[in-house]
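The next block holds one structure in the form of structure tokens; read it before the comments.
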Amino acid sequence: MTESGGTAVLESPDDELGRGRPALDLLIWDAPNIDMTLSTVIGARPTAASRPRFDAIAAWFVDGAGDPGAPDAPEVEACVFANIPPVVGSLQRWVEALRGFGFAVFARPKSQPDDDIDQAMLDHIEVRAHSHRLRRLVVFSGDGRNFAEPLEELARSGTQVVVVAFSEVAGYAISSDLLEFIDIEDVPGAFAAPLDRVRLDALPPEGAWLRPTRSLRDFVTSWTARRNA
């Protein structure tokens, strides 16, 4: 904040560039959204074999930051945001594995359906945008409702903003003129084996069958029950 004629004037982030703030490449992982959309695109509950490999994702992200010995090399930070249900199960091991890969983890209890972490992610991005010169922001989320507007605003201010998600559910990023989009399966090594999905943005020339993700009879049974309720 500066003063002009006795009036306080807020400085924009652009005004502060070059004033000693360290450059930062930041990764934000929206765990609830990625888990939900993974289930959607493969039509089944993910298994260990079909879940993302955070070691490979960490390597890809750090590689994108460039030579760490360069004079203008940015700091790197990767954060996973997760809702923790009352029955923790194997999540403790998952969280500890993430921390061992170099990821910070923001974990919030989820005791009610509306307990969410969306604002926590946006708050952390805002904090880093003021404490650092946010050079590159990589957001793993297909949640356009919460992310589209603030991410485009950051892109306008000069931050390289990359959205990584499944192309089936990331229309907000694919259609944006300001955001870069990468399908998560295109991150090298992100999955141990190809996912059981057919991407509409990568169809074979001869076409492809997209199998149903639910039995036709099961759907009609539940639809009829709702209609008659």
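Within segment 169-184, none of the residues are in a helix (DSSP H, G or I), of a type in the set (D, E, K, R) and out of contact with any Gly (no Cβ under 6 Å at 6 or more places or on another chain). Scanning segment 134-148 for residues that are outside any loop (DSSP other than H, G, I, E, B), buried (at least 18 other Cβ atoms within 10 Å of the Cβ) and of a type in the set (Lys, Arg) turns up at least one hit.
Restricting attention to segment 107-133, the residues being modelled with pLDDT under 95 and outside any helix (DSSP H, G or I) number 11. Go through segment 123-143 and give me each residue that's of a type outside the set (Val, Ile, Thr) and farther than 22 Å from residue 183 by Cβ. Within segment 123-143, 123, 124, 126, 128, 129, 130, 131, 132, 133, 134, 135 qualify. Residue pairs whose Cβ atoms lie under 9 Å apart, sitting 6 or more positions apart in sequence or on different chains, and linking a residue in segment 161-185 that is of a type in the set (Asp, Glu) to a partner that is assigned to a loop (DSSP other than H, G, I, E, B) and surrounded by 22 or more Cβ atoms within 10 Å (Cβ to Cβ), are 168/142; 183/170. The set of residues in segment 30-50 that are out of contact with any helix residue (DSSP H, G or I) (no Cβ under 8 Å at 6 or more places or on another chain) and closer than 24 Å to residue 122 by Cα comprises 31, 32, 33, 35, 36.
Residue pairs whose Cβ atoms lie under 8 Å apart, separated by 6 or more positions or on different chains, with the first residue in segment 71-98 and closer than 30 Å to residue 129 by Cβ and touching a residue at least 12 places away in the same chain (Cβ under 8 Å) and the second of a type in the set (Asp, Glu) and open to solvent by 70 Å² or more (accessible area, probe 1.4 Å), are 73/67. Note on segment 190-202: residues that are closer than 23 Å to residue 61 by Cα and open to solvent by less than 40 Å² (accessible area, probe 1.4 Å) total 3.
Every condition in (1) open to solvent by less than 30 Å² (accessible area, probe 1.4 Å); (2) more than 21 Å from residue 154 (Cα to Cα); (3) hydrophobic (A, V, I, L, M, F, W, C) holds for residue 78 except the one numbered (2). Where in segment 1-94 are there strands (runs of 3 or more DSSP E), lying fully within it, with 1 or more residues that are at pLDDT 95 or above? The strands (runs of 3 or more DSSP E) meeting that bar are 23-30, 75-84. For the condition in contact (Cβ under 8 Å) with a residue 60 or more places away in the chain, surrounded by fewer than 13 Cβ atoms within 10 Å (Cβ to Cβ) and out of contact with any helix residue (DSSP H, G or I) (no Cβ under 6 Å at 6 or more places or on another chain), residue 65 does not qualify.
The values are calculated or read from the model by the stated rules, or taken from the named source; none is laboratory data. Remember, predicted model here, so these are calculated numbers, not experimental data. Every residue, glycine as well, gets a Cβ built from its backbone with ideal geometry; the counts of neighbours run over all protein chains shown. Areas reflect the complete protein model, heavy atoms only, side chains present, ligands, DNA and RNA absent. Shrake-Rupley method; radii C 1.70, N 1.55, O 1.52, S 1.80 Å.
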